[in-house]
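Beneath this line is the structure, given in structure tokens, with notes to follow.
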Amino acid sequence: MATTSCAPKSSRLYSALTVKAVDEERRLITGTASTPQPDRAGDIIEPLGISFKNPVPLLLYHNPTAPVGRVKFKKPTEDGLDFEATLPVIPEPGTLRDRVEEAWQSIKANLIGGVSIGFRSIEEAFNKETSGFRFLKTEVLELSLVSIPANPDALIATIKAMDLAVSGRNPSAVAEPPAKVPTMTTSEQITQFENSRAAKAARMADLMAAAAAAGATLDQTQSEEYDATEGDVKAIDAHLVRLRAHEQLNKAAAVPVTGATDPASATAVRGGTPVISVKANVPKGTAFIRYCTALAATRGNKLEAIEWAKRWKDSTPEVELVLKAAIAAGTSLDATWAGPLAALQPLATEFLEYLRPATVIDRIPNLRRVPFNVSVPAQTGGGTYAWVGQGAPKAVSKLAFSATSLAIAKAAGIIVITVELAKVSTPSAEAIIRADMVAGMAQFLDVWFTDPTKAAVTDVNPASITNGVTPITSAGTSPANARTDILALASALTAAGMSIKGATLLMSETNALALAAANNALGQSLFPEMNTTGGNAVGINVIASQALGANVILLDGNSILYADDGGVEIDVSTEASVQMDSAPDNPALATTVFTSFWQNNLIGLRCDRFINWKKARTGCVQYTVQTYVAS
């Protein structure tokens with residue numbers, strides 16, 4: 001079962017097929033297979049880090065059992081990887097000739113306008129600017145002809161030379177507008193040049209390492225390449241200085257958009273053209289659950305799952321497309337390379353988009369987002385300042401800093417359903433599974449994030465944000481007492497050196513309802529901007545969740561570090577044996593009872609989410625314990 005994970009998300013890179021030349025007799029085409037531009041998932045392949053062994057197979061739709069030709073790659077450049085592909089002429093009738101003819105006719109008819117490389121990652125790094133991976137060194141294993149059905153951002157280029165050669169039209173009589181190249185932002189340009197510089201610096205290091213291993217100096221060719229690359233690095237460094245200065249000027253000149261409450265009006269204020277998108281009229285997460293249901297109903301048989309998913313073609317066609325992509329990934333040349341299923345990412349993202357609004361931690365607007373396993377500096381003390389008289393010496397002090405990091409932590413759960421439920425799946429059955437996954441994960445995360453009794457366990461889980469915090473004694477149960485409590489929490493927060501600007505108040509829906517319904521002696525609302533989901537209390541943003549219980553928490557989100565890989569890992573099994581217990585034995589004992597899914601006609605769906613948090617500064621969270629009663 002292919003899954004998404006925090007590992008590199010993609011082992012394919014889609015790009016437009018830019019045909020540079022066509023030889024009708026030899027069935028030869030040349031074009032570009034890969035460029036250093038970020039793909040839809042934010043991943044980047046450095047062209048200068050690509051390796052290969054010519055020739056490589058030319059496949060149809062990444063199917064290793066359906067080769068249609070051979071490919072020779074040219075020497076990679078910083079602009080990309082060019083290729084020369086040949087499709088043979090098969091005189092004998094049969095399946096092979098039909099397949100090759102199908103591929104060739106599809107190219108000539110412009111039905112296939114894309115290519116995709118299958119590669120193995122040798123060295124990669126996470127790029128926080130694009131939230132994707134930068135593959136520094138890769139080995140290209142194959143090139144495939146694809147129509148890019150599930151990649152809306154990978155545009156199919158017009159095949160001008162081939163279209164003219166096949167149709168016999170006069171090139172001068174055909175005027176095709178050039179494809180519009182989107183303008184890169186300054187931040188994107190900075191990222192692109194940083195990536196290019198890293199690749200060039202790596203190449204320089206490789207040249208020096210090769211010379212050191214041979215115990216010799218660089219030869220003439222190596223010296224010329226090294227000097228040219230060094231010149232490029234210096235030019236990039238100088239240009240990066242200009243770009244960063246330009247970015248700061250843009251930030252200083254930026255004017256906030258006001259009076260816009262939705263994307264359309266915000267676009268109008270900016271003077272741009274609205275982007276129109278069409279989405280299926282189904283609840284968030286439906287496509288993701290249907291993907292899991294199709295695999296569960298067919299016991300993981302992807303061919304059968306594709307047929308099963310065709311029933312949803314009108315509402316969620318992406319399910320069938322993802323399953324088709326999963327088949328190609330599962331039969332790729334390298335099993336360790338093909339395990340992660342990049343095409344599952346859009347569905348997992350859709351599920352998270354549905355899950356996140358349901359959780360407290362994902363509704364807090366200003367948590368400080370950081371990557372996993374990266375050291376983050378935090379200021380723990382400030383300087384000393386005082387009035388200074390004429391000619392008097394000025395006070396000298398120092399700032400205090402500490403460094404912290406968020407290790408990878410994982411929240412997980414297994415849902416077990418019967419095969420019968422999966423096979424008779426209806427929208428209501430989908431809703432049951434979806435609601436359970438959302439509610440269960442949201443409840444777990446909310447409780448662990450806020451419950452003072454939840455302590456940290458090294459390499460397992462974080463502590464709650466209230467763990468170790470001494471609660472403030474509540475003034476009482478009345479709404480007037482609630483106002484007093486909120487002011488006391490705010491005072492404690494500011495006394496600890498935090499700002500209440502942007503602070504967030506967390507409480508249960510029960511307490512939020514009590515405050516929303518509270519009136520004074522004149523019948524006026526004490527908290528006119530409160531409702532059962534939160535709102536605003538004495539100018540502080542309020543988020544309500546029943547997982548809070550009697551805890552009323554005030555926090556400074558800027559002082560809480562938060563790491564989330566942005567993906568959900570789903571696995572389905574019909575043959576596993578598990579301990580049907582919410583607190584399973586670890587390790588298993590001789591008396592541990594396991595239930596066989598196969599024997600009991602059950603299906604298990606496992607859901608993992610990688611997430612962690614930590615308070616960067618002491619005193620950034622204050623809380624009290626009380627259940628308020630409306631008056």
inquiry  = Can you work out the Karplus-derived ³J(HN,Hα) for every residue in segment 606-619? Use 6.51 cos²θ - 1.76 cosθ + 1.60 with θ = phi - 60°, whole Hz, and x for glycine or proline.
reply    = 9, 10, 10, 9, 8, 7, 7, 8, 6, 6, 7, 9, 5, x
task = Go through LYS501/LYS614; LYS108/LYS313; LYS137/LYS410 and tell me which ones have a Cα-Cα distance over 25 Å in this structure.
result = LYS108/LYS313; LYS137/LYS410
ask   = Each residue of segment 488-498 in order: what ³J(HN,Hα) in whole Hz does its phi give by Karplus 6.51 cos²θ - 1.76 cosθ + 1.60, θ = phi - 60°, with x for Gly and Pro?
value = 5, 5, 5, 5, 5, 5, 5, 5, 8, x, 9
task = Enumerate by residue number the trypsin sites (Lys or Arg not before Pro) in segment 53-91 meeting two conditions: DSSP loop (anything except H, G, I, E, B), and at most 13 other Cβ atoms within 10 Å of the site's Cβ.
result = LYS53
query = Taking R0 as 22 Å, what's the FRET efficiency between ASN250 and GLU194 from their Cβ-Cβ distance, rounded to 0.05?
reply = 0.80
ask   = Taking neighbour Cβ counts within 10 Å as the exposure measure, how do ASP451, ASP314 sort from fewest upward?
value = ASP314, ASP451
task = Rank by packing, highest mean first: peptides 498-509, 207-218, with packing defined as the count of other Cβ atoms within 10 Å averaged across residues.
result = 498-509, 207-218
message = I need the phi-derived Karplus couplings for segment 74-89: 6.51 cos²θ - 1.76 cosθ + 1.60, θ = phi - 60°, integer Hz, Gly and Pro marked x.
response = 8, 4, x, 10, 5, 8, x, 10, 8, 9, 10, 10, 10, 9, x, 9
query = Can you give the convex hull volume per residue for the Cα atoms of segment 412-625, as a whole number of Å³?
reply = 163 Å³
task = Starting with the highest mean, order 555-562, 228-235 by the number of other Cβ atoms within 10 Å, averaged over the residues of each peptide.
result = 555-562, 228-235
query = Relative contact order of segment 188-251: what whole-number percent is it, with Cα pairs under 8 angstrom and at least 6 residues apart?
reply = 49 percent
ask   = So how much slack lies between GLU123 and ASP581, counting 0.36 nm per residue of separation and subtracting their Cα-Cα distance, in nm?
value = 160.9 nm
ask   = Modelled label-to-label distance, ALA212 and ALA630, 7 Å Cα→beta-carbon offset: nm?
value = 7.3 nm
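We did not get these values from a lab; they are worked out from the coordinates using the rules stated. Keep in mind that this is a model prediction, so the values were computed, not measured. Glycine gets a Cβ as well: all are built from the backbone with ideal geometry, and neighbour counts include every protein chain shown.
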